[in-house]
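Just so you know, all these numbers are worked out from the coordinates, no wet-lab data involved. This structure is a prediction, so every number in the text was calculated from the model and none was measured. Every residue, glycine as well, gets a Cβ built from its backbone with ideal geometry; the counts of neighbours run over all protein chains shown.
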Amino acid sequence: MRITLLATCALLLGAPAAAAPSAPAAAHQVQSDKLWFGSAWYPEQWPEERWPRDLALMKAQGANVVRIGEFAWSRMEPAEGQYDLDWLVRAVRLAARYDIKVVIGTPTDTPPAWLTTRYPDTLRVDSDGKPAIHGGRRQFSISSPRYRDLSRRVVAAMAAKLGREPNVVGWQIGNEYTDESYDPAARAAWHRWLAAKYKTLDALNDAWTTSYWSQTYSAWDQVPYSSVAGNPGWMIDQKRFITDTWVDFQKVQVDALRAGVAPHMFITTNLGGLGWANRFDRYAINRDLDLASWDNYVGTGHLEPYRNGATHDLARGWKRRNFWVMEAQPGFVNWAGVSNMLDRGESRAMAWHMVGHGADALLYWQWRSAPNGQEQYHGALVGADGEPIPFYTEAQEIGRDFAKASAALAGTEPVSQVAILQDYDSRWAIDFQLHNREYDQIKVLLDTYRPLKDRLGAVDIVSAAGPLDRYRLVFAPSLNMIPAALGRHLAAYVRAGGHLVLGPRSGMKDEYNRLDPHRQPGPLTEMLGGRVEQFYALDETVPVGGGTASIWAEQLATRAPDATVPLRYGKANGWIDGQPAAVSRPYGKGRITYLGALLDPASMDRFVAARMAEAAVTPDFAVPAGVERMIRTGKGRTVTILVNHGRTPQPVTLPMAMRDVLNGGSVSALTLPARGVAVLDR
Ligand code: GAL
């Protein structure tokens, strides 16, 4: 069925708009029907006579997609209401002649000067009250009704002009959502949001415990709106409000696009901030979109396989589906402390690392540097003369690889029996009050991720609130906030046979960011048959089990006869000496375990392996250190991708003979060269 739909969709893309069938393929099928490869191109920066040469070079690079438009508002609407979109249509149709599909970016990240000059109320205002100026980007207020309306109008005009162009596959809204605004419209919206949420000021005062420090409010507009630190209840609600503001801002454009573009065209936005940024909730942003995409930059240094791999898994978790890498550096960036070049072969390894983690597309930023503008030094595929530079040859290799492997990978995705929970409420709550400045939640998550990834071809990173039934084992490294409903959701998972492993700081807060009166882990205390008696920020390492803990340690106690203690502290600060560092208990058909300490890597490795064994999660075949094994399955296929991240060759023995997709033939053992890649189909 799926194959038929994909075929229909491919036909559709090549057919004139008038021939569109009544039931086109879903937008997200378009995104994963092949491996996509390309770059960001800015035709508005170049004379039109140059375009064919650019597209011919892209084609020779192996590109099959290009992204255009996302910063070109002043070209699309040179004066208010006067739209000039014919050049975009010409660019899209010219790309079709080279068999290159197009993603169109809406240009709302960069309002034209006429707009912000005529309507200064559309300018973003920072928390200190300073408005942004023209000449950079992101100078707009996401809260301004006028800006939303001007955005809607240009996007509607684009949809009307390009929404039936057969060569367009999708749309990207804006670019790397980043800054909220603190202008008067934002403040007023904040007060309306609070009134809608709490109904009465008494309810708000109670939720935030405003009796503390005389914070009590007697009118909605007394409540500050600011990025300075303050009451944790107030801060967490601001984060939720900012999330809703972004969702509403985006929704205006989603609606304009849905009304005007063919249904098989996907709608996405390219999330930046190196993936983990938490200025707003990225699950919420992705809810209204067809496809998740993110911008994958290394900056200074080299690919960090675990961290970067986990970031892909995070992006895959936003919609629990494969994703696109909408931007990646062609070798180097211009903004890092040291904007070094990736090694020869590293970008190819990185490309396969992305695909192994569930990317169906890789687009470089950017094709060619503008002669002037802030990013002249950035890596590109062609030089100032418009001809290939050294990196282009590596891109060609990737293009050849993708062409060979595309059919084998179409419709496959990483599938895991194990998930790590990532929760924006909890991340905010801990970040507001670190208690130990060394407590880095991403690092804590990666400490759990690493031993899992060493044993498994795929690990999921997903939201806490979504369905968990497909997982045998779920880790929640720092699930600080467990409101009652989430507690019930997790309890149901365990009761039905799941294994839940909570990490330090879990279950400390309720949904208002108040201390939970059960102590940790809040609503799961009874189920655990144990609880945290006291938490301690550590200024030195302490002994635990056969190893050590640092940064954080919690003193646990059992309260049920069938609760066991997998780990105890050794002699430390007196308080935790000999006390439980972890408690575990069978419950229903499953098991819950609470780990209260940040363990050293070897201890964490043992701890994770033991939980995998308890949950009957079997490791995938072993690979040498430095080699990563990634597995995508689907459509009756299992495709293994091996990447040697190291600088020396590595031998790998396969569990069975597999088809070598890139080189042909069948292999059961191979040696991967430095930064080498293998794609194997069984
Ligand atoms: C991204 C941005 C691109 C470009 C790139 C440079 O964050 O989306 O437009 O600026 O950085 O590395």
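The figures follow:
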read-out: Cα-based shape type of the stretch 339-463, given that a ≥ b ≥ c are square roots of the gyration tensor eigenvalues and the cut on a/c is 1.5; value: oblate
read-out: Tensor-based shape of the stretch 220-309 (alpha-carbon gyration tensor, a/c under 1.5 rounded, otherwise prolate or oblate); value: oblate
read-out: Positive minus negative residues near Thr116 (Lys, Arg vs Asp, Glu; Cβ under 14 Å); value: 0
read-out: Per-residue [θ]222 nm for the chain (sum of -39500 (n - 2.57) over DSSP H runs n ≥ 4, rounded to 500); value: -10500 deg cm²/dmol
read-out: Extended-chain gain in nm, criterion 0.36 nm per residue less alpha-carbon gap, Trp335 and Val667; value: 115.3 nm
read-out: Reachable aspartates and glutamates, given that their alpha-carbon falls under 17 Å from the alpha-carbon of Lys509 and they are not under 8 places away in the same chain; value: Asp206, Asp237, Asp423, Asp425, Asp431, Glu526, Glu533, Glu554
read-out: Label-zone membership for the stretch 651-682, site Arg400, 7 angstrom Cα→C-beta point, backbone N under 13 Å; value: 662-664
read-out: ³J(HN,Hα) computed for each position of the stretch 342-352 - Karplus, 6.51 cos²θ - 1.76 cosθ + 1.60, integer Hz, glycine/proline x; value: 5, 4, 4, x, 6, 5, 5, 4, 5, 4, 6
read-out: Cβ-defined net charge surrounding Phe535, 10 Å radius [Lys, Arg +1; Asp, Glu -1]; value: 0
read-out: Proxy reagent accessibility, fewest Cβ within 10 Å first, across Ile100, Ile242; value: Ile100, Ile242
read-out: Efficiency of FRET from Cβ geometry, Tyr306 and Thr638, R₀ 25 Å, rounded to 0.05; value: 0.65
read-out: Calculated FRET efficiency for the pair Ala277/Val89, C-beta based, R₀ 30 Å, to 0.05; value: 0.30
read-out: Percentage relative contact order, the stretch 627-681, counting C-alpha pairs under 8 Å, at least six apart; value: 38 percent
read-out: Amide proton proximity set for Tyr364, modelled H, under 5 Å, gap of 5+; value: Gly38, Ser39, Ala40, Ala328
read-out: Packing-based order for 583-590, 308-315, using average beta carbon neighbours within 10 Å, highest first; value: 308-315, 583-590
read-out: Extension reserve of the Glu533-Arg164 stretch, reckoned as 0.36 nm per residue once the Cα distance is removed; value: 126.6 nm
read-out: Gain in span if fully extended, Asp99 to Ala26, counting 0.36 nm per residue against the direct Cα distance; value: 24.1 nm
read-out: Of Lys34/Lys635; Lys101/Lys251; Lys161/Lys319, those spanning more than 18 Å from alpha-carbon to alpha-carbon; value: Lys101/Lys251; Lys161/Lys319
read-out: Sorted by Cβ density within 10 Å, fewest first, the residues Thr269, Thr110; value: Thr110, Thr269
read-out: Relative contact order (%) - criterion: Cα under 8 Å, at least six apart; region: the chain; value: 11 percent
read-out: Highest-first arrangement of 541-548, 176-183, 211-218, where packing means the average Cβ count within 10 Å; value: 176-183, 541-548, 211-218
read-out: Using θ = phi - 60° and Karplus 6.51 cos²θ - 1.76 cosθ + 1.60, couplings along the stretch 473-479 (whole Hz; Gly, Pro as x); value: 9, 10, 9, 10, x, 9, 7
read-out: Prolate/oblate/rounded call for the chain, Cα gyration tensor, a/c under 1.5 rounded; value: oblate
read-out: Among beta bridges that DSSP assigns inside the chain, antiparallel share in %, nearest 5; value: 55 percent
read-out: Local electrostatic count, Gly62, Cβ distance below 13 Å [Lys/Arg +1, Asp/Glu -1]; value: +1
read-out: Percent RCO, i.e. relative contact order, over the stretch 418-614, from Cα pairs under 8 Å lying at least 6 residues apart; value: 20 percent
read-out: Sequence-distant residues sharing a close amide H with Leu567 (under 5 Å, placed H); value: Ala581, Ala582
read-out: Sequence-distant residues sharing a close amide H with Asn270 (under 5 Å, placed H); value: Ile173, Glu176
read-out: Fraction of beta bridges assigned by DSSP in the stretch 418-614 that are antiparallel (%, nearest 5); value: 60 percent
read-out: The stretch 587-623 and the stretch 139-212: distance between their alpha carbon centers, rounded to Å; value: 42 Å
